[in-house]
Amino acid sequence: MEHKKILIVDDEAMIAEELSEFLESLDYPCASATSVDDALGLIDRDETITLILTDMRMPGKDGIDLLKALSTFEDRDFQCVVISGHLDADQEIAGVTALPVSVMRKPVDIGEVVNFLEGLTFVN
């Protein structure tokens with residue numbers, strides 16, 4: 001899958017913004033959102049978003065809710081990374097979506113994120 005833009009979703013605005021700014025400094029186009037509803041609005045308005053890095057646990061709607069909602073974008077393809085400190089995240093995700101989903105553990109290892117992104121294809 002070819003990617004154009006990354007969406008970082010985390011209820012802690014500082015984390016979402018800093019990760020987005022760091023990845024942009026490495027020439028990865030990014031956007032950030034602090035809630036599932038904000039994320040879905042951005043995805044709806046910006047068809048270049050193809051890769052989503054989302055926190056698993058957030059107040060209200062969480063990462064699982066976001067994964068489920070992505071299926072409503074029938075004409076779009078996404079790849080997702082769920083970031084969680086919970087060991088059972090893989091089990092929670094199983095069966096929720098047919099999307100390609102990877103799990104990264106908290107605390108986020110920025111080197112792991114960069115290595116993951118380097119293995120993907122980005123286009124302008």
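Each value in this text was obtained by applying a stated rule to the coordinates, not by laboratory testing. Fair warning: this is a prediction, and the values are worked out from it, not measured in the lab. No Cβ is skipped: glycine too gets one built from the backbone with ideal geometry, and neighbour counts run over all protein chains shown.
Remarks
- Extension gain from GLU12 to PHE73, taking 0.36 nm per residue of separation minus the Cα-Cα distance: 19.4 nm
- Protection proxy ranking, peptides 32-41, 55-64, average beta carbon neighbours within 10 Å, highest first: 32-41, 55-64
- Each eigenvalue of the Cα gyration tensor of the stretch 1-61, multiplied by 5 and square-rooted, gives one semi-axis; in descending order these are 18, 14, 9 Å.
- Per the Debye formula on identical point scatterers at the alpha carbon atoms of the chain, with no solvent, log10 I(q)/I(0) at q = 0.22 Å⁻¹ is -1.50.
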